[in-house]
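No lab work stands behind these numbers, since they all come straight from the coordinates. As the structure is a computational prediction, the values presented were derived from the model and not from experiment. All Cβ positions, even for glycine, are placed from backbone atoms using ideal geometry, and neighbour counts span all protein chains on display.
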Amino acid sequence: MMTENERWLTAHHDPLAALYTFSACMALADLHGDGESKLIIADLGTGAYNMKLKVYKGTSLMSENTLIDLPTGVITFHMDTTEPRVPAVAVASGSYIYIYKNLRPYFKFTLPTLEVNSAEFDAWSQARDELLDVSMLYEILDSLRQEVGECGLTTRSQRFLMCPDHASQATFLNQHKGFILKRQTVVTCFATLKKSHAEDDAISCLVLGTESANIFILDPEAFTILNSMSLPSVPVFLSVSGLYDVEYRIIVACRNGQIYTLKRGTKIGRPTAELTSQPVGLLKRDKTTIVATMDQNLHSFNNKGKRLWSLKLPAAITCVETLEIRTLGLTLTALGMADNRVMIYRDKHLVDTIYTEDRISAMKFGRFGREDNTLVLVMKGGGLLVKILKRTARFEIEEAQGSSHALAVKLNIPKKTKLFVDQTMRERENCVLMHRVFQHDLYRLRLNTARAYVQSLETSSNPVSLSQTEPLKLSAQVLGLGPTFKLRVELQNTSSTSPSLQLAVIFHCDDRIYSVNKSYIQIPILIPGVIHVAETLVTCISELGISDTVRVFVVKGKASRPLLTAVISMPVAEIFMGS
Amino acid sequence: MDGVVGALINTNIKYKSGTCTAEKSLYTMNPVTETPESQVNGMTTTTVPPGSALKAKSRPRKAPELQTVERRNWLIHLHYVRKEFDLCKHLIREQLEETRGMCEYANYVQGLILRQEGKIQESFELFQLCNILNPSSVENIKQMARALFLLGRHKLAVEAYLQAEDKLDKPDWELHHNLGVCYLHLKDYDGSREQLMFALEQNKHHQTFAVLAKLYLLVNDVSSAISTYRAAIEYFPENGDLHTALGLLYMQTGKYQQAFEHLGTTLTFDPNNTRAILAAGSMMQSHQDFDVALAKYRVAAQSIAESPPLWNNIAMCFFGKRKYVASISCLKRANYLAPFDWKILYNLGLVHLTMQQYTSAFHFLSAAVNLRPTKGHIFMLLAISLTYLDDEENARQAYEQAVRLEERDPSICLNYGIFLHNHNDKEGAIKMINEFEVRMVKFRHATGADLDTEIIENGAKLASLLGVDGSVFRKKPGRTRLDAQDETVLLEKTASVTDTLKPVEESVCQSPPPVPTAIPELNPSEVPDAGNTAVLVPPMEALTLEEPPAFVSDSSNARGKFLASARLQFQEDESKVTDTENKKETPNSGFAEYSDDIFD
């Protein structure tokens, strides 16, 4: 299955690494200033517990720190100017950003709380002072929810409203009423922004996107909010470029499927591009933005939001990553696909494909160990794969690889046998005769069919009556295994108004084979549409184990011709050998 | 500001003093163990007054942690966009259990996933729930409207969209586009156009352009549809579907040159676009580029191996290349795939006639005529096959029917005239040759082009045999064909009127019939034909072909048009066939074109 790629070497493959992570939760950085870059992965564990911050040195796991909540993202950045220049690690998780220095917890930043609805605040403070009882509080909060919606309330009110009965509500109120009411939000994505210098090891600000549809820029030294901006929807992916003190541009993909741009000095995101599907990844190029969408497309937009090109991809995209290969002066786009491969694009041209054994869940490209161009892949099943780009690798755009392939394909035309040719020759020679014989036989066939039809009409041996006076429908069923069967006949008057009178059902069969319990059944008046059921028992009396047919006639009054006839082929009866 | 710095220092000290191992320090970081005051760390505004801090101390030291309902929204969203629906549903279930079904976003994504799984009604209920949880969100109402639309309740969907529009502070492309589509389904074309235009003002999306063009086509405003597509292509120059649609429209209106350009553009960007391949292929066929067309069809056969029009077109390429057995094979496959398609049956009849299998030809043609009793050309072929089957009476009746049903095609009259002449009905033959003349003159007027040389020559020959003035049937100098000779010969044979013709015939028979594609002049002569004729049969046919899904709805219109237009090419073939009673198989341009018609 796995074809060795000529451009990439497999440096490390651990299918049992058991990692659950995203591209945003991976980082590559020289954490110890020893010139060797480490891989930092925030592992989501099982998705509920066992979350860890893992650091790989080379192929081995170097350290593991427990995380309290699900990590949203991991970033390494320089927060001060101390020597040696060692970056700090920031882990976003829930409403907090945890900062680690030298892999030791250093600081925890809490997101600013949101404004609490004044009515809600009043309700809780009155409840604290015992001016409101539990059920009144519940009513006030419930009506407030109708007004502002679930997400406009504080967590405490939300949880209070979730309490199913009075007792649990009272307990809840007692537990919580003494504390300050606050409304918190969570981080959804984050990134770094260089503060005033563009060097690799310059001080960076943190840029946070929150569930409350805000973007915050944090000062790295004092951890104060330098700038706060708002968006019409919740940010999902961020792409940041520029310098905070000079000019910067933040491109945000949001949950409403739109892309917004924020610049220095703006407070509100400017709509840049509207997508028709949810974005799965966002990458920034010099003057363009590359967006992968859920409908298997890759789009390129310029800064003004004009679509430059779109590509339809063969499978769903799971993650995207920029491959910046400085030695070649190339910036490529890697797409992790749902069909177990990584497709690498140079602009809109496919230049390479890496096949893997599993779906790609996360990718990170950069310096790992002492190797500059390393691609770290995490599989959906938890495997870890590290690929190193060969120094001889080149990514040239191949021209027209598709068309030559198509030409090689042969059309699948059914072959004709010699018999076909012989028949053709025979037809050529005898066409008039063949035609006449065929037409002659065709006429005979039609004639026979018509005769048989007329005959069946004449003898009424059809189960649906076509006569205008007595429109009837008959259906019969045989129940049982034998030797005694039950014959069940359903009669229905299919006319719309006129009822049928004086009907009877008669069973007729060979009396050497079957004996019929009631061979004559009188039918009461048949009202249109109502199904009448007539039943009788039929016993197979033959010892030869053969079966025959039973005829069912529907007759009217004393008429000699039946109205309808049904012929029932009886099944072979089970015979009691003992008797 | 001071307060913040103070808090910061405090925490720093706490960490530094207390931490030797990572685990231990993490414990201190745990929000659960912290006092509520310390959670607001880093905020500029919420320093807690000392009094309340004291108060808090007197109570139990920590509040039970309340986890935000929205804390996993980002994870649900991420898994959703990656289409990891299993994981996503698992997460949503956990989240809803934890929040007793109150998490709006989890319900919302659950609804989206159910929609993708085709459970529209269930997803609608979830969006309704979201709307109850958060009545202020426009997004929930839009999703409800979308669900209603997918359930086919367009009126309710329109109401929901209008309700959403009321709540919006600024216009939204998606909303107006969807409104336009709803109005389209409700047959309120004016309302639909208005909404779509408005949506385009908000934002240019190719979907909106496509719907707008479809709307124009529904009201038979082809020129507006074309201009819509042209506008769309300016914004989406690489969108193959838009180019294909425009190309097909150009074909319909007879602008082959432009049509071919746009179809070519499609194939540059998307070499596997089967609609464009079929359309372009049929155009190539009409220009006798059978090999190029076959190469294109080969690509298409990879993806739509069960398309009856594709196999029909392939068959007619082989017919044009005079590979009759392959042609019959492909046609039979097409017939197997679409047993009630009269065009395929017609082609089968034609190929069998060419193969001199008159019985089989009659069989297929009578099937075709049963499916399509209003088409004169089928009757003509039927008459020809009956002639060979020695059924004079029925042949005569079929000819009568053909002449009556097809009022414009001159070749039917010519064939009937030849038939009458061969059966010694001079009077009827003269009537037919006169009718032929009238139709030919009309045809020249209508199209500005001339009939196929062979037909004219045969007409002239018949006229001279009948002693009628044949001066109308003069040849145009440039249009002589090699085939023409063959056919004349054949004609004589059938007619067996004059001795003089016979020697000619023999010589012709010996020489292998020339391949039309090899002759350079042939192509140029054909092209103007196609370009000039207003009727332009081939494009129409191609159009239908390319769009297999549209097949059922469009076919009636398209067929009607084709039929009318098809006769031109058709006649060529037939006239040859009739003329040459011995049925030499000339690969005529006419056949090829004919084949195009057949496509639906």
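Observations on the model:
- The overall shape of the range A:323-392, judged from the alpha-carbon gyration tensor, is oblate: a/c is not under 1.5, and a/b is no greater than b/c.
- Each Lys or Arg adds one and each Asp or Glu takes one away; over the other residues whose Cβ falls under 15 Å from the Cβ of B:Glu165, this sums to -4.
- Sites matching GluC sites (Glu not before Pro) across the range A:97-196 that sit in DSSP coil, with at most 12 neighbouring C-beta atoms within 10 Å: A:Glu115, A:Glu130
- Local electrostatic count, A:Lys380, Cβ distance below 11 Å [Lys/Arg +1, Asp/Glu -1]: -2
- Phi angles across the range A:267-277 convert, under the Karplus curve 6.51 cos²θ - 1.76 cosθ + 1.60 with θ = phi - 60°, into 3J(HN,Hα) values of 10, 10, x, 8, x, 10, 9, 10, 9, 9, 8 Hz, Gly and Pro given as x.
- In the range B:393-461, the GluC sites (Glu not before Pro) that fall in loop regions by DSSP, at most 16 other Cβ within 10 Å: B:Glu407
- Label-point separation in nm, A:Glu115 to A:Glu83, each point 7 Å along Cα→Cβ: 4.9 nm
- Qualifying trypsin sites (Lys or Arg not before Pro) for the range A:56-149 [loop in DSSP, other Cβ within 10 Å: at most 15]: A:Arg85
- Kirkwood hydrodynamic radius (C-alpha pairs) into Stokes-Einstein, the range A:118-176, 25 °C and 0.890 mPa s, D in µm²/s: 218 µm²/s
- Charges were assigned to the Cβ only: +1 to each Lys and Arg, -1 to each Asp and Glu. The resulting dipole of the range B:88-226 about its Cα centre is roughly 340 debye.
- Computed about its Cα centre, the charge dipole of the range A:1-144 is approximately 840 debye, with only Lys, Arg, Asp and Glu carrying charge at their Cβ.
- Contour minus Cα-Cα distance for A:Asn412 and A:Glu396 (0.36 nm per residue): 2.3 nm
- Mean residue ellipticity at 222 nm, helices only, chain A: -5500 deg cm²/dmol; runs of at least 4 DSSP H residues each add -39,500 (n - 2.57), and the sum is divided by the number of residues.
- Chain A - percent relative contact order, Cα under 8 Å, separation 6 or more: 9 percent
- Too-long pairs where the Cα-Cα distance tops 22 Å, listed order kept, from A:Lys287/A:Lys390; A:Lys101/A:Lys195; A:Lys194/A:Lys390; B:Lys375/B:Lys426; A:Lys410/B:Lys332; A:Lys38/A:Lys195: A:Lys287/A:Lys390; A:Lys194/A:Lys390; B:Lys375/B:Lys426; A:Lys38/A:Lys195
- Local electrostatic count, A:Val342, Cβ distance below 10 Å [Lys/Arg +1, Asp/Glu -1]: 0
- D (Stokes-Einstein, µm²/s), Kirkwood Cα radius, the range B:144-239, 0.692 mPa s at 37 °C: 243 µm²/s
- Computed P(r) (all Cα pairs; the range A:472-569; 10 Å bins; percent): 15, 48, 26, 9, 1
- Cross-link table A:Lys348/A:Lys387; B:Lys167/B:Lys204; A:Lys267/B:Lys83; A:Lys284/A:Lys380, entries beyond 29 Å C-alpha to C-alpha: A:Lys267/B:Lys83
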